[in-house]
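No lab work stands behind these numbers, since they all come straight from the coordinates. This one's a predicted model, so the numbers in the text were calculated from it and none came from an experiment. For neighbour counting, all protein chains shown are included, and Cβ atoms are generated from backbone atoms with ideal geometry for every residue, glycine included.
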Amino acid sequence: MQCADIFFLKADICQLGMDQRKVNVLAREYCDSIKKKLKPIILSHAMLPGLLEGQEKMSKSDPNSAIFMEDSRAEVETKIKKAFCPPGVVEGNPCLAYCRFIVFPWFGEMDVEKGAKSGGGTVSFERFEDLAAAFASGELHPGDLKPALAKAINAILQPVRDHFEKDERAAGLLKKVKGYKVTK
């Protein structure tokens, strides 16, 4: 069905996570068998883990496990504050995955305000590897990382929020989409 969706929607670009790559390849192979010259372009990207402990990937059935384009500033802050982010643990840490795959590619850097317990001041990281090393060593605490992450994500989402607030048609579409019930 996922492969058929590509053709039903007349998609020329399929942008999905690596877990969907096989279905995209199947669609391209099907084009060969039906002699379709314009094959869909595959854009596969890294999978983001869910924000909660033990979630290998985000889940639309658990709204607390992911950041959505329509999330408010407060919702983003709450979700990140509750996110699994054990001190010193880099592997399997969803907050660090968001930093690596969203914040650094978007901004090229990340500023973290350290709280009084961490000595105060702003620390700027120009590479994800430096941020990860500071986190692994304990130099950077989850209580400092999470607000910086929420601030960065909110900055990225603000133009989307502005669009839905200023455009009546877009606001209506968003209201309609939010009215649909999520199923597994």
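Pairs of Cα atoms nearer than 8 Å and 6+ residues apart set the relative contact order; for the chain it is 17 percent. Rounded to the nearest 10 degrees, the angle from helix 21-33 to the longest Cα principal axis of the chain is 20 degrees. Looking at the chain, the DSSP beta bridges with both ends there are about 45 percent antiparallel. Taken about its Cα centre, the chain carries a charge dipole of roughly 940 debye when the Cβ of each Lys and Arg holds +1 and the Cβ of each Asp and Glu holds -1.
Among M69, M18, M47, the largest mean-square fluctuation in a Gaussian network model of the chain, built with springs joining Cα atoms closer than 10 Å, belongs to M18.
To the nearest ten degrees, helix 73-82 and the longest principal axis of the Cα atoms of the chain are 70 degrees apart.
Listing V23, V90, V177, V76 from fewest to most neighbouring C-beta atoms within 10 Å gives V177, V90, V23, V76.
Exposure proxy for S124, S33: other Cβ atoms within 10 Å of each Cβ, ordered fewest to most, give S33, S124.
Computed per residue of the chain from DSSP H runs no shorter than four, each worth -39500 (n - 2.57), the mean residue ellipticity at 222 nm is -14000 deg cm²/dmol.
Candidate values [x] 21.5, 67; [y] 19.4, 65; [z] 18.0, 65 were compared with Rg and Dmax of the Cα atoms in Å computed on the shown model; the agreeing label is [y].
Enumerate by residue number the trypsin sites (Lys or Arg not before Pro) in the range 1-101 meeting two conditions: DSSP loop (anything except H, G, I, E, B), and at most 16 other Cβ atoms within 10 Å of the site's Cβ. Don't jump to the answer; show the numbers that get you there.
Numbers: sites: K10, R21, K22, R28, K35, K36, K37, K57, K60, R73, K79, K81, K82, R100; in loops: K10, K35, K36, K37, K57, K60.
Hits after loop and neighbour filter: K10, K35, K36, K37, K57, K60.
In the chain, the longest principal axis of the Cα atoms and the axis of helix 168-179 are about 90 degrees apart.
Each of H45, H141 was scored by other Cβ atoms within 10 Å of its Cβ. Listed from fewest to most, they are H45, H141. The longest stretch of the chain left intact once loop-based GluC sites (Glu not before Pro) with at most 15 other Cβ atoms within 10 Å are removed from consideration, loops following DSSP, is 1-52.
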